[in-house]
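First comes the structure, then the notes that go with it.
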Amino acid sequence: MFGHALGITDIWTYVFGVIFIILLPGPNSMYVLSLAAQRGVKAGYRAACGVFVGDTVLMVLSAAGVASLLKANPLLFSVVKYGGAAYLLYIGIGMLRGAWSKLRARGDAPVEAPQADDGERSFDRPFRKALIVSLLNPKAILFFISFFIQFVDPAFPHPALSFVVLGAIAQCASFLYLSTLIFAGARLAEHFRRRRKLAAGAASSVGGLFIGFSVKLALATMS
């Protein structure tokens, strides 16, 4: 009844679908988890805020018709796609370099506790990186419009309201999931600080994942 009143045809199917999709590993969730493990809860939530803002922008763009523009303009799609792939590759290589620096240090000496994000100079860096990762993914825009539209009643007079509700549900699920990752990552942080090799191994694994995400995005098509 609640869903139909807002122009949503099958709200519970949508909710379960969103949960399943959010649980799939991707660059956003991996970045938030790795950042929380390395720099704590505050940095994790800054990155999560970047994800929320980026996803909100993509949802608005989807509803505004940008998905159709991307489909009609393969060049624009490719520019955004390769820009996103290059940025994911940049992050992955940065993580691998950081892991190599840890391995070059002496044995399992403790890793120094992170400073307050290297001062005010880099206060917004987790937010900015997560925001860019979110925005430079044209497949996400196409996904949002193709997934949301299945649950919007075509006879409902205010489809924009339906999109807002669907987006809010997705963001709530994302917030709960990312919060779980942040606190799980923060618990791992203490182990990483005591074991330099373990920290290096974890960082190199996540760096490799980001390089994989980069390749996957670079090979993505509009279909």
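Points to keep in mind about this one:
- When every residue of the range 54-66 is checked against the conditions, at least one turns out to be assigned to a helix (DSSP H, G or I) and under 20 Å from residue 185 (Cβ atoms).
- Qualifying position, being of a type outside the set (Asp, Glu), modelled with pLDDT under 85 and farther than 16 Å from residue 171 by Cα, among 67, 63: 67
Yes/no matrix, rows are residues, columns are (1) modelled with pLDDT under 80; (2) among the charged types (D, E, K, R); (3) not in a helix (DSSP H, G or I):
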site: 114; (1), (2), (3): yes, no, yes
site: 117; (1), (2), (3): yes, yes, yes
site: 167; (1), (2), (3): no, no, no
site: 199; (1), (2), (3): yes, no, no
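- Within the range 135-150, tally of residues that are part of a helix (DSSP H, G or I) and either aliphatic (A, V, I, L, M) or crowded, with 20+ Cβ neighbours inside 10 Å (or both): 9
The values are calculated or read from the model by the stated rules, or taken from the named source; none is laboratory data. All values derive from a computational prediction rather than experimental measurement. Heads up, the Cβs are rebuilt from the backbone with ideal geometry, glycines too, and the neighbour counts pull from every protein chain shown.
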